[in-house]
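The values are calculated or read from the model by the stated rules, or taken from the named source; none is laboratory data. Keep in mind the model is a prediction, meaning the values are calculated, not measured. Don't worry about glycine lacking a Cβ; one is built from the backbone with ideal geometry, like all the others, and counts go over all protein chains shown. Keep in mind that these areas ignore ligands, DNA and RNA; they rest on the heavy atoms of the full protein, side chains included. Shrake-Rupley method; radii C 1.70, N 1.55, O 1.52, S 1.80 Å.
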Amino acid sequence: MKFLPPSNVFPTHSPPVQKFVSPPIPMPTHQVDLHPPLARTTEASMLPPTPTRPMMWVRACSSSRPSTTSSSLRPTCAPPLPGTEGMPTSEIGMAVYRLISSGGTNRTGRTQEGASTVEMARTKMSAVVADMWARSTTQERRSLWRRLQAWTTERGLGMNADSACLFVAATGVRPQGQLAYTKALSASFGAMGFENHPLRVLAKALRGGGAAIPENQATPIERRKLVSWARQQQASVRLAVLVAWKTASRWAEAASLSSVQFLLVTQREVVVDWFQTPKGRTQDPFKASRFAVIQGPLTAEIAVLYAKCAPFAPLSTVTTSALDALWGQSAQMQGYTAHSIKRGAVKHLLPLLTSGKLSPHLIDRLTKHEEEGGPGTLSRTTLRYAGGDVDLARALETGKVTKHL
């Protein structure tokens, strides 16, 4: 049997407990700006944080990124949401951002005297990023990025993938052009580390609507007409035209070739190395399409013209647009563009497939297209260049099957 102690053993009233009050935490006076100057406050940025994205305050740190905000603090999500108006959060993303937004990436990799080790490494990395795309591709994406910045700024929208989709829809260009814009912006956002899922969905929707089907392709040119015009031009243009035809290449690819890329030049054979051009050969130099051997008609003429070209200089400085303008002024070349050379060469080879003199994968290799289906099939890119005609239908060899049905 247990006995309870009398009630007066324990006091009925305990002394008041003093509450512990934590000292105030000093707040930082500066904040890393994660938003570009053109950003606008969106409704999404004013929503309370979710449990998976706790709120945080970003302390000041040594950074080369300029800040456009005042000294007042602003809560941000940790980590910043990709695809919003925020600046890239990675060093590689910032290098791509500088390359696309302003073109300020240093291609030489040189740093100023007294620069820190981090700044020197950042400059060298930016020089590497500058060669990520072909120079023409970088210029096109830079121009498109600036158009997007101006469009979103005028309408008070943020620089994100959703706004980019609206921008593409508002351009009013054909679906083929919208698909090209969408793919370019998606690549830019992705390289900077931003969310590009809306752009990928839009690209898929455009392809479903037939945007991948070209509407107005260049008219294929015949060899006789092309050679006749080329022989009336100066030696450099003449050489580039003949090389473009014999290798079924784009005009820019052939014109940018230099003398050092001709491994062998004789009256009967010319060997070309595409290592520097186009861009795909540099990124993956061990493809079978890297080399092209020129034989047959026009080979001796190419060898004679090659002996006159300057060393280390491109075959021709005439750009694609300049050649289009030149042909537009010629009555002999009306209706043709620079792209007509490659399309004409591909169309010239199609009848040889029907007769069994050529294998389809050799055309893919010469045109520097991805050999997708193996030796017996043509790649989708080559089919697009060939267009729809009787020679192409016969080259696909479905007649060998239907005659048994």
Inset, instruction - Name, by its number, the condition in (1) closer than 24 Å to LEU99 by Cα; (2) touching a residue at least 24 places away in the same chain (Cβ under 8 Å); (3) surrounded by 15 or more Cβ atoms within 10 Å (Cβ to Cβ) that does not hold for PRO220. - result: (1)
Legend entry - Residue match in the stretch 139-160 (condition: within 28 Å of ARG384 (Cβ to Cβ) and in contact with a Pro (Cβ under 8 Å, 6 or more places away or on another chain)): no
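For residues in the stretch 335-363 being in a helix (DSSP H, G or I) and without any contact (Cβ under 8 Å) to a residue 24 or more places away in the chain, which is most open to solvent (accessible area, probe 1.4 Å)?
Only one residue tops the list, namely LEU362.
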Legend entry - Yes/no for GLN261 being among the polar types (S, T, N, Q), open to solvent by 40 Å² or more (accessible area, probe 1.4 Å) and farther than 22 Å from THR138 by Cα: no
Inset, instruction - May I ask you to verify whether TYR385 is among the aromatic types (Phe, Trp, Tyr), closer than 29 Å to VAL237 by Cα and part of a helix (DSSP H, G or I)? - result: yes
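For the stretch 158-277, which helices (runs of 4 or more DSSP H) that fit wholly inside it have 1 or more residues that are in contact with a helix residue (DSSP H, G or I) (Cβ under 7 Å, 6 or more places away or on another chain), closer than 30 Å to LEU144 by Cα and polar (S, T, N, Q)?
Passing ranges, in order: 161-170, 175-191.
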Inset, instruction - All but one of (1) part of a helix (DSSP H, G or I); (2) out of contact with any Pro (no Cβ under 8 Å at 6 or more places or on another chain); (3) open to solvent by less than 50 Å² (accessible area, probe 1.4 Å); (4) modelled with pLDDT under 95 hold for TRP133, so report the exception by its number. - result: (1)
Inset, instruction - Look at ALA307 and say whether it is over 30 Å from ASP391 (Cβ atoms), free of Cβ contacts under 8 Å to residues at least 60 places away in the same chain and in contact with a strand residue (DSSP E or B) (Cβ under 6 Å, 6 or more places away or on another chain). - result: no
Legend entry - Test for TRP274: is it aromatic (Phe, Trp, Tyr), crowded, with 20+ Cβ neighbours inside 10 Å and either in contact (Cβ under 8 Å) with a residue 40 or more places away in the chain or at negative phi (or both): yes
Inset, instruction - List every residue pair whose Cβ atoms sit under 7 Å apart, with the two residues 6 or more apart in sequence or on different chains, where the first one lies in the stretch 129-149 and is more than 19 Å from ALA161 (Cβ to Cβ) and the second, anywhere, is not in a helix (DSSP H, G or I). - result: VAL129/THR105; ALA130/THR105; ALA130/ARG107
Inset, instruction - Keeping to the stretch 136-149, report how many residues are open to solvent by less than 60 Å² (accessible area, probe 1.4 Å) and either among the small types (Gly, Ala, Ser) or touching a Phe, Trp or Tyr at 6+ places or on another chain (Cβ under 8 Å) (or both). - result: 3
Inset, instruction - Tell me which of these ASP324 doesn't satisfy, since it passes every other one: (1) open to solvent by 50 Å² or more (accessible area, probe 1.4 Å); (2) of a type in the set (Asp, Glu); (3) within 25 Å of ARG268 (Cβ to Cβ). - result: (3)
Inset, instruction - Name every residue in the stretch 292-304 that is in contact (Cβ under 8 Å) with a residue 24 or more places away in the chain, among the β-branched types (Val, Ile, Thr) and open to solvent by 50 Å² or more (accessible area, probe 1.4 Å), in order of residue number. - result: VAL293
Legend entry - SER330 being of a type in the set (Gly, Ala, Ser), touching a Phe, Trp or Tyr at 6+ places or on another chain (Cβ under 9 Å), at pLDDT below 95 and surrounded by 15 or more Cβ atoms within 10 Å (Cβ to Cβ): no
Legend entry - Filtered residues of the stretch 377-405 (kept if of a type in the set (A, V, I, L, M, F, W, C) and open to solvent by less than 40 Å² (accessible area, probe 1.4 Å)): LEU378, ALA386, LEU392, ALA395
